[in-house]
Amino acid sequence: MAPIPVSKTKIIPPRRRAELLTRRRLLDVLFDSLDKKLILISAPAGYGKTSLLIDLVHHSELPSCWLALDELDRDPNAFSPISSQP
């Protein structure tokens, strides 16, 4: 099975900027929820969802991974390990 090509910019977490404001209350909610199967963070654009997750990774000793998706990633077949080509 051939590997699925993924751009490095999609899998490397963004660097935490020094001026990033730590939102302690939201971090505490996330840390308290880490035992859940799924945590959904939903807010309009510009509300700091990515910044919160960057801060979570920075303050956590847990292993983490990163996958950034955009409009071009809407095709679910792109993530299928089985090639759809004959």
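Residue ranking by accessible heavy-atom surface, 1.4 Å probe, largest first, among Lys37, Lys49 comes out as Lys37, Lys49. Ordered from highest to lowest accessible area with the whole protein assembly present and a 1.4 Å probe, Ser64, Ser42 read as Ser42, Ser64.
The values are calculated or read from the model by the stated rules, or taken from the named source; none is laboratory data. This structure is a prediction, so every number in the text was calculated from the model and none was measured. What goes into the accessible areas is simple: the full protein's heavy atoms, side chains included, and nothing from ligands, DNA or RNA. Shrake-Rupley method; radii C 1.70, N 1.55, O 1.52, S 1.80 Å.
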